[in-house]
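The values are calculated or read from the model by the stated rules, or taken from the named source; none is laboratory data. In this text, all values refer to a predicted model and were calculated from it rather than measured experimentally. Here the Cβ is made from the backbone with ideal geometry for all residues, glycine too, and neighbour counts use every protein chain on show. Heads up: the accessible areas ignore ligands, DNA and RNA and are worked out on the full protein's heavy atoms, side chains in. Shrake-Rupley method; radii C 1.70, N 1.55, O 1.52, S 1.80 Å.
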Amino acid sequence: MKKNREITRPEYCQNCNHPIDQEMEFCPNCGQKALPEHLTLNYFIHEFLNNYFSFDSKFFKTIIPLVSKPAFLTREFIDGRRIRYINPIQLFVFISFLYFLVDSFMILKEVSDKKDFVVMKSNGEPISSDSLDVVLSEEASKAALNDSLNNSSAIRDFIKKSQEFNQLEKDEQNEKISKMISYFIFLLMPLFALFLTWLFSKRKQRYIENLIFSLHFHAFFFLAGTFFMLVDRLIPDPYDSYVFGVGLLVYLLIALKKFYAYPWTSTIFRFIGLFFIYGFMVILSYLFSIVSSILI
């Protein structure tokens with residue numbers, strides 16, 4: 001039989017060396033537990049989930065109101081009720097990481113499940129059916145290059161890289177574009193907060209408060225996106241994207257109304273302005289993502 005090792009309570013904190021009384025459960029200086037814990041596998045797993053992903057009671061206390069109560073978490077955080085919820089930045093990073101992880105898995109799954117029939121190029125080289133339109137695009141690019149009056153090295157280099165990009169499978173192209181979009185999202189989020197500061201200036205919200213709103217909204221965006229991605233994989237439906245888009249817009253409208261407390265008419269008017277301004281930035285970012293995927 002294994003003997004249980006008794007852990008003696010130290011007189012000083014092992015983390016910061018601060019004196020600890022015998023009745024203290026936590027160090028008053030740094031907050032670490034006064035009684036050292038056994039180094040077990042369960043301990044490592046718990047610390048990893050708790051410290052880096054806050055996967056404890058905070059997770060469900062945060063996720064449920066994030067979905068069911070638009071702008072509730074933002075108001076709670078601004079009003080000082082913060083310890084019971086996951087930090088907005090940590091929440092956004094965790095959910096966005098989950099989204100891109102699932103997205104990458106879906107792309108790899110589509111590649112493994114694909115069964116292409118084979119067609120032939122004009123030179124007899126076999127290509128996949130998904131790449132047939134790529135070949136036509138490649139030939140068109142070559143013709144455009146030959147007919148172009150501007151034969152600068154920069155344009156030739158870009159067209160060459162475009163042809164190389166077109167030769168990739170559709171799933172490989174989507175994976176590269178998706179990776180670039182993830183970088184642009186981090187640029188769009190502070191811009192979203194800036195647009196909110198401008199459109200709802202009468203409430204005199206500080207930029208940092210609008211940024212917290214932006215973090216929570218984009219966290220919901222990625223959470224809903226992950227859910228619909230999984231649903232579409234299990235039950236393919238052409239209307240899933242429409243349901244997702246409409247649901248996202250309704251969520252945003254309700255969140256704006258609750259957080260800024262404008263009259264409905266004024267809220268809808270500003271919501272429409274935000275939709276067109278931010279929508280333009282999203283489209284622009286998507287185009288930049290495609291160009292970046294080609295060049296890098």
Checklist entry - Which ranges mark the helices (runs of 4 or more DSSP H) fully within segment 1-103 that have 1 or more residues being open to solvent by 100 Å² or more (accessible area, probe 1.4 Å), at pLDDT 70 or above and charged (D, E, K, R)? => result 57-68
Next on the checklist: Any residue at all in segment 273-292 that's open to solvent by less than 90 Å² (accessible area, probe 1.4 Å) and farther than 22 Å from residue 190 by Cα?
Outcome noted: yes
Next on the checklist: For residue 213, only one of the following conditions fails: (1) within 29 Å of residue 87 (Cβ to Cβ); (2) surrounded by fewer than 18 Cβ atoms within 10 Å (Cβ to Cβ); (3) modelled with pLDDT of 85 or more. What is its number?
Outcome noted: (2)
Next on the checklist: residue 256 - would you say it is in a helix (DSSP H, G or I), open to solvent by less than 40 Å² (accessible area, probe 1.4 Å), modelled with pLDDT of 95 or more and touching a Phe, Trp or Tyr at 6+ places or on another chain (Cβ under 7 Å)?
Outcome noted: yes
Item to check | segment 224-238, residues that are open to solvent by 40 Å² or more (accessible area, probe 1.4 Å), assigned to a helix (DSSP H, G or I) and of a type outside the set (Val, Ile, Thr) | outcome: 227, 228, 230, 232, 233, 234
Checklist outcome for this item: Sole miss for residue 241 among (1) loosely packed, with under 14 Cβ neighbours inside 10 Å; (2) within 20 Å of residue 63 (Cα to Cα); (3) in contact with a helix residue (DSSP H, G or I) (Cβ under 8 Å, 6 or more places away or on another chain); (4) of a type outside the set (Asp, Glu) is condition (2)
